[in-house]
């Protein structure tokens with residue numbers, strides 16, 4: 001990691017401020033002294049939750065306008081202003097699936113699209129679940145599924161599971177299963 | 001997967017058209033007949049490459065304006081207009097690392113941020129590498145690293161590896177190692 005890769009922000013032009021994202025175009029000075037522009041989508045950050053019920057992964061099916069179709073994902077949602085990510089994860093899990101949990105563990109925080117966005121997803125493992133009631137946001141329509149490992153493999157092959165955070169979650173699940181088998 | 005989750009696009013307002021991304025706000029009709037807006041970042045799609053040299057993962061260190069710092073990622077880049085993803089993967093691998101490859105296999109295609117963007121990354125495995133010369137884009141400054149599995153684990157823990165596609169690549173690598181060990 002060297003300073004010779006550093007870029008310096010010269011100016012920031014705000015383009016759009018929306019409900020969820022905002023867009024700006026930054027002009028940066030490159031390491032060789034020349035300039036370039038970078039289109040940056042600002043996002044408040046998000047949480048996603050790996051949660052199991054009877055060894056099945058809790059997933060939500062919802063329409064994604066960006067994809068033009070429905071997709072199965074792990075429960076997730078954006079951070080509210082000033083919200084603690086762990087509390088947001090518990091909130092999203094309960095809103096989207098109805099399940100509460102006693103224990104949340106941070107597995108990873110990762111950037112989804114570092115080439116053009118600052119969105120970070122904090123991925124949590126939720127344990128010790130108890131069932132409650134779903135209460136999705138008013139513009140959010142979804143269905144909850146409890147998916148076996150074999151079903152998840154098939155959904156990935158079929159493209160019904162097709163987003164990065166759910167792929168990461170799937171591989172962590174696979175890893176856990178292999179570790180459990182090795183420990184037997 | 002049911003029709004009752006479907007949303008219907010009523011109108012699309014173009015907001016911005018940039019070098020890499022464009023932004024639009026869609027008004028959609030929700031399943032209950034009410035309307036909502038969806039902020040959508042259109043992206044041409046991208047490729048990323050899992051490639052090994054002497055059992056070490058080829059990675060590039062580069063400054064990410066969206067993150068405000070450098071990050072280690074697998075070689076990647078966006079699709080050029082009309083470009084075949086497999087050819088783009090070979091092109092990006094060579095431009096960014098100098099390596100050519102004889103064999104490319106598609107591992108996964110996934111959406112990075114389906115809540116607000118249509119960006120799809122096609123992740124390839126590159127095999128049978130031969131060394132050549134790097135030729136990064138003129139506004140792209142990067143350094144190539146060959147990273148061992150243990151180093152990659154440490155970089156993830158330290159946050160030097162911190163993006164979704166590289167996490168997915170890491171887990172596929174871990175999976176391959178476990179399979180190889182099991183096969184011995």
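Summary table below
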{"item": "Averaged over B:155-166, number of beta-carbon atoms from partner chains that fall within 10 Å", "result": "4"}
{"item": "Contact order normalised by residue count of chain A, Cα under 8 Å, 6+ apart, percent", "result": "20"}
{"item": "Relative exposure of A:25, A:147, judged by other C-beta atoms within 10 Å (fewest first)", "result": "A:25, A:147"}
{"item": "Residues B:151, A:128 arranged by fewest to most Cβ contacts within 10 Å", "result": "A:128, B:151"}
{"item": "Pairs of Cα atoms farther than 17 Å apart, region B:34-125, %", "result": "55"}
{"item": "Taking A:102, B:71, A:96 and counting other C-beta atoms within 10 Å, the order from fewest to most", "result": "A:102, B:71, A:96"}
{"item": "Angle between chain A longest axis and helix A:85-97 axis [Cα atoms, degrees, rounded to 10]", "result": "50"}
{"item": "Evaluated at q = 0.20, 0.28, 0.30 Å⁻¹: base-10 log I(q)/I(0), Debye formula over Cα of region B:142-184", "result": "-0.68, -1.06, -1.13"}
{"item": "Over region A:108-184, volume per residue of the alpha carbon convex hull, in Å³", "result": "162"}
{"item": "Relative packing of peptides A:113-125, A:167-179, B:57-69, B:4-16 - highest average C-beta neighbours within 10 Å first", "result": "A:113-125, B:57-69, A:167-179, B:4-16"}
{"item": "Structure-based [θ]222 nm, chain A - -39500 (n - 2.57) summed over DSSP H runs of at least 4, per residue, nearest 500", "result": "-7500 deg cm²/dmol"}
{"item": "Peptides B:45-52, B:156-163 ordered by average Cβ neighbours within 10 Å, highest first", "result": "B:45-52, B:156-163"}
{"item": "25 °C / 0.890 mPa s Stokes-Einstein diffusion coefficient of the protein assembly as shown, Kirkwood radius on C-alpha pairs, µm²/s", "result": "115"}
{"item": "Degrees, to the nearest 10: B:149-158 long Cα axis against longest axis of chain B", "result": "50"}
{"item": "Shape parameters for region A:104-152, alpha-carbon atoms, Rg then Dmax in Å", "result": "14.9, 39"}
{"item": "Translational D in µm²/s for region A:76-137 (Stokes-Einstein at 4 °C, 1.567 mPa s, Kirkwood Rh from C-alpha pairs)", "result": "105"}
{"item": "Paramagnetic reach from residue A:102 (point 7 Å along Cα→Cβ, amide N under 19 Å) across region A:47-63", "result": "A:50-56"}
{"item": "Shielding by partners - mean other protein chain Cβ count within 10 Å, residues of B:121-128", "result": "1"}
{"item": "Distance cut-off 28 Å, percentage of C-alpha pairs in region B:46-183 lying past it", "result": "12"}
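Computed from the coordinates by the stated procedures, all read-outs in this text should not be read as laboratory data. Predicted model, so just to flag it, every value in this text is computed and none were measured. Glycine also receives a Cβ, built like all others from the backbone with ideal geometry; neighbour counts cover every protein chain displayed.
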